[in-house]
Amino acid sequence: MDVPLPHLDRPFDYLVPEALDAEAQPGVRVKVRFAGQLVDGWLLERAESSAHPKLAYLEKVVSSVPVLSPEVARLARAVADRYAGSLADVLRLAVPPRHARAEKAVTADADAPADPDAPADADARPGGRAEVDPRGWRDYPAGSALLRALTDGRPARAVWSALPGEDWADRYADAVAATVAGGRGAVVVVADARDLDRLDAALTAVLGAGRHVRLTAADGPARRYRAFLAARRGDVAVVIGTRAAMFAPVERLGLVAIWDDGDDLHAEPRAPYPHARDVLLTRAQLGDAAALVGGYARSAEAQLLVETSWAREVVADRAVVRARTPAMAPTGDDPQLARDPGAASARLPSLAWTSARDALRADLPVLVQVPRRGYVPSVACADCRTPARCPHCAGPLALPSAQGTPACRWCGRVAAANACPECGGRRLRASVTGARRTAEELGRAFPGVPVRTSGREEVLATVPGGAGLVIATPGAEPVADGGYGAVLLLDSWALLTRADLRAGEEALRRWMAAAALARPGTAGGRVVVVADGALAPVQALLRWDSAWFAARELAERRELGFPPAVRMASVTGVAEAVSDLLDGARLPDGAEVLGPVPADEGRERMLVRVPRSRAAALAEALHAAAGQRSARKAADPVRLQVDPLVLF
């Protein structure tokens, strides 16, 4: 039943009236009477008898379309158990809301008689191709073998480190085509709409139109539901999408793939907070399917797959990497620093400025990555450097424009008469410079050169190949025709000094994603990172060796006892509720309870850490404790998250 109460997380038996016998098939949506109310539910299976002597009747079959496949139902149960959640919560993520008009249109199309004069399409179903050209996969020694395994239907599992300038969408299209040639289906998950558009175009070019569907919440309820039904009915063999596609019902699933698994957009913000990577890997394990985890950078979780031999790495030889990597340099090696020590604190050191100037003179675009959006997203007192805060809510003040008035980023109140509480000063200075301010500064430094910004307000997909400046926040970098002549990575400290376990990993991921857009080869583009070249993430970028950094990160997390080397759960709520849940939980042997630490809005957080071998026992114990609290109708809610992205 679609009831979000942990103590009701189990199947219930109902009698099927004779009038609904034909429609009440496994997988359909139904309505049942429970505790005096009519609630929604899914029919999981039909049985001849029940152990319960007295049963109520099924009230209604909402639709005769079986939207829940047995494979997805089994997957949803496994995901709920892994994340200490309820099956109903997972099914709400797996099955999109019903759209009656779209369902009626799809059913009418399916029931329409076939046109006898229409030409037969030999490629309309999986298995229409004999082999797939490896193309760019030849740059990786194990690439061709991966495609052969997919064509043969073998459950190959790979962690792929993409080369600079690699058209990852084409490589994924090749992998999907090989899977389809072997007579099986595929599910591919990407982080955002721009990546989805690239993959959509690549698959259309390889498979042809109408051979796959997009599944994303951004397409609207009707289009999303039509795509879902097309996959559920077996009309298409391939589903691509954002994290909404991780549960897509694909027949004879042969491949699950995810691009850039370190992107936090892959983490579902709704209970039980599953990560698309873990859902897809669970699906591959349950369905004996192949799995492909790819990216320019490698996450610690992907490195764990390699080190435990669950997956094999697909990487290029070092000679190929060196030939494809653009010229890279940190500003710490800038000779100007020896002559002018003040250059070390400059936001755009001479090396970066010279690289941008040379690229513009060669009529090539320049990409500038800035970690913050806005004009001046953080300001401080110009006299004593104390961060400027809102007098009403203590939120950070920001400047929206050069002539703008400071305003709070939390409550939105304008602080025109702001005075520093420490020294009484009224002058402000920028402590963090945003993308729009950077665009303004560079526009003055290079007059006559077109300046474009790409960020939250407007994300550009592509830019022309001529001279121009593109100022972008991480993840919003557009693709330039022919590649960028220079890529400048500014304000590296803003990424590296975050109070986050994944700060170094995330900084490297963002840098590599931007650097991959430069013109490939040492004679092509130039990448300048404003950082000390001795830092480990910078070294990994310069060598284009994210595997080395991921192995280093994983080793440190093993030593410190952090995910993914261990399984960790966070319990967040008011202090009394958190203590109540943990006191009632039968935690497995070896569990460590850490905290409390302050959370938002007067709540606190406790962390529970166990070895990976005890992960299932931890999730079961927390779910059972949550069920006990819901059964006695405890007033204060508690949020459970297993392996949350943010620990501190």
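The values are calculated or read from the model by the stated rules, or taken from the named source; none is laboratory data. Keep in mind it's a predicted model, so treat the numbers as computed, not measured. Using ideal geometry, Cβ is built from the backbone for each residue, glycine included, and neighbour counts are taken over all protein chains shown. What goes into the accessible areas is simple: the full protein's heavy atoms, side chains included, and nothing from ligands, DNA or RNA. Shrake-Rupley method; radii C 1.70, N 1.55, O 1.52, S 1.80 Å.
Assuming charge only on the beta carbon of Lys and Arg (+1) and of Asp and Glu (-1), the dipole of the chain about its Cα centre is about 1100 debye to the nearest 20. Taking only the alpha carbons of the stretch 177-302, we obtain Rg and Dmax values of 13.5, 38 Å in that order.
Taken along its principal axes, the alpha carbon cloud of the stretch 585-648 reaches lengths of 33, 30, 17 Å, longest axis first. The alpha-carbon of Lys60 sits under 26 angstrom from the alpha-carbons of these lysines, leaving out residues fewer than 8 places away in its chain: Lys31, Lys104. Round to a whole angstrom and tell me the spacing of the C-alpha centers of the stretch 144-168 and the stretch 1-72. After rounding, the separation between the Cα centres reads 42 Å.
Shape analysis of the stretch 141-213 places it in the oblate category; the axes a ≥ b ≥ c from the Cα gyration tensor give an a/c of at least 1.5, with a/b not above b/c.
Toward the positive end of the charge dipole of the chain, with +1 on the Cβ of Lys and Arg and -1 on the Cβ of Asp and Glu, the farthest Cα among Pro596, Ala569, Ser630 is that of Pro596. For the chain, the solvent-accessible area with a 1.4 angstrom probe is 45 square angstrom per residue.
Pairs of alpha carbons in the stretch 1-109 separated by more than 19 Å make up 47% of all such pairs. Tell me which of Leu469, Val529, Leu496 sits at the most positive position along the dipole axis of the stretch 421-563, charges placed on C-beta atoms (Lys, Arg +1; Asp, Glu -1). My answer, from the dipole projection, is Leu469.
Sorting Ser49, Ser86 by accessible area puts them as Ser49, Ser86; the probe is 1.4 Å, largest comes first, and only protein heavy atoms count.
Let me make sure I get this right: for the chain, a, b and c are the square roots of the gyration tensor eigenvalues over alpha carbons, sorted descending. Under 1.5 in a/c it's rounded, otherwise prolate if a/b > b/c, else oblate. Which is it? Cα axes put the chain in the oblate bin.
Tell me, what % of the accessible area of the chain is carbon and sulfur with a 1.4 angstrom probe? Its accessible area is 50 percent carbon and sulfur atoms. For Ala209 and Arg77, a Förster radius of 45 Å and the Cβ-Cβ distance give a FRET efficiency of 0.80, rounded to the nearest 0.05.
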